[in-house]
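**Student:** Can you read through this structure? Questions will come right after.
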Amino acid sequence: MVATDMLERMGLRVTVADNGLKALEVLQDTAVDIILMDVHMPEMDGLQATRLIRERRELAEVPVLAMTAAALPKDREDCAAAGMAAVIKR
């Protein structure tokens, strides 16, 4: 909610999905410039959602930024291996 509020105050259009499955549904119909992905979500976590996003040719180059409270080296490695461009610690 905080990130959404900040981005909207900057004049950006934000679309929110509650979990990885919903994110994939949204991305079928919505063009995006960047994806902020929570790593720990119900239904499908951000790592699996990112792997599936990377399989879609039209989304292969869209930056995915991980949002997580866990920022240990292993967590960062997992995010990079899934195809995320960077980690934002929240």
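**Student:** Take Met67 and tell me if it is within 13 Å of the chain's Cα centre (by Cα) and over 24 Å from Leu7 (Cα atoms). It would help to see each step written out before you state the result.
**Tutor:** Details: within 13 Å of the chain's Cα centre (by Cα): yes; over 24 Å from Leu7 (Cα atoms): no.
Criteria not met by Met67.
**Student:** Mind listing whichever residues of segment 13-44 are of a type in the set (D, E, K, R) and crowded, with 18+ Cβ neighbours inside 10 Å? Please lay out each step first, then the result.
**Tutor:** From segment 13-44, those of a type in the set (D, E, K, R) are 13, 18, 22, 25, 29, 33, 38, 43; that's our starting set.
The one that is of a type in the set (D, E, K, R) and crowded, with 18+ Cβ neighbours inside 10 Å: Asp38.
**Student:** Which of the residues that make up segment 18-50 are under 18 Å from Ile88 (Cα atoms) and in contact with a Gly (Cβ under 8 Å, 6 or more places away or on another chain)?
**Tutor:** Gly20, Met37, Asp38, Val39, His40, Met41, Asp45, Gly46, Gln48, Ala49, Thr50
**Student:** With the structure loaded, tell me whether Ala71 is at pLDDT 95 or above and surrounded by fewer than 16 Cβ atoms within 10 Å (Cβ to Cβ) or whether it fails that test.
**Tutor:** In short, no.
**Student:** Tally up the residues in segment 41-76 that are closer than 16 Å to Val16 by Cβ and free of Cβ contacts under 8 Å to residues at least 24 places away in the same chain, please.
**Tutor:** Result for segment 41-76: 1.
**Student:** Which residue pairs have Cβ atoms closer than 6 Å, lie 6 or more positions apart in sequence or on different chains, and pair a first residue in segment 10-28 that is within 15 Å of Met67 (Cα to Cα) with a second residue that is modelled with pLDDT under 95 and of a type in the set (Phe, Trp, Tyr)?
**Tutor:** Pairs that qualify, where the first residue is within 15 Å of Met67 (Cα to Cα) and the partner is modelled with pLDDT under 95 and of a type in the set (Phe, Trp, Tyr): there are none.
The values are calculated or read from the model by the stated rules, or taken from the named source; none is laboratory data. Here the structure is a predicted model, which is why all the values come from computation and not from measurement. Here Cβ is always computed from backbone atoms with ideal geometry, including for glycine, and neighbour counts include all displayed protein chains.
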